[in-house]
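The values are calculated or read from the model by the stated rules, or taken from the named source; none is laboratory data. Source: prediction; values computed, not measured. Here the Cβ positions follow ideal geometry from the backbone for every residue, glycine too, while neighbour counts run over all protein chains shown. Protein only, heavy atoms only, side chains kept; ligands, DNA and RNA dropped before computing areas. Shrake-Rupley method; radii C 1.70, N 1.55, O 1.52, S 1.80 Å.
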Amino acid sequence: MNLELIKSDRIDELTNFLMLVSVRLISYDKKLVPLPNSDEKFGLIPRCNRMIIEVINKSNSTLNDLLLTVYRKNSKLGKDNFDTVPIKTYELLPRSTGKYEIIVFDPFNEKFNGVEIWVSTKEDWELRAKAEKWLDRAEDFSKRKYSLLDRIKNKIKLD
């Protein structure tokens with residue numbers, strides 16, 4: 001959703017969107033895992049961090065896609081140690097919150113001490129734009145985590 005606004009240069013709408021949609025990091029694992037669903041030789045090398053996040057949608061729109069920025073703090077690269085990751089939010093309803101497990105590629109593979117995550121801005125995208133092939137893989141990088149109550153209400157199978 002925010003990527004669509006960024007690409008169309010609808011800055012006022014993007015600014016409003018960024019005030020209404022936010023993300024909170026719950027946890028992350030420093031142990032690297034391979035890129036999911038990759039048959040490429042490069043994809044088998046562990047270069048991704050697994051993270052649990054919460055997306056808060058205070059807007060009046062259902063969200064299906066988001067572009068997030070993940071900043072790995074206190075690395076020798078400083079402010080440059082960040083990347084953007086497309087995720088599916090699986091129809092996150094207006095005025096609701098969803099919990100997700102995401103896989104985030106680490107392009108620099110440098111030691112870090114902490115992570116910050118936010119909904120990507122136009123500036124983030126200009127610095128770390130992704131190829132369409134990467135954007136099309138958003139479903140590979142995200143999985144919605146349903147609570148027991150969600151599962152009961154929506155008759156969702158247990159994993």
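Considering the conditions (1) touching a Lys or Arg at 6+ places or on another chain (Cβ under 8 Å); (2) modelled with pLDDT under 95; (3) open to solvent by 80 Å² or more (accessible area, probe 1.4 Å), K58 is excluded by exactly one of them, (2). Of everything in the range 59-88 that's farther than 19 Å from L135 by Cα and in contact (Cβ under 8 Å) with a residue 40 or more places away in the chain, which residue is nearest to the chain's Cα centre (by Cα)? The extreme case among them is R72. Taking the listed residues S75, S96, the one that is modelled with pLDDT under 95, open to solvent by less than 50 Å² (accessible area, probe 1.4 Å), touching an Asp or Glu at 6+ places or on another chain (Cβ under 8 Å) and of a type in the set (G, A, S) is S75, with no other qualifying.
Criterion first (modelled with pLDDT under 95, under 16 Å from P36 (Cβ atoms) and either basic (K, R) or not in a strand (DSSP E or B) (or both)) does E139 satisfy it?
Answer is yes for this residue.
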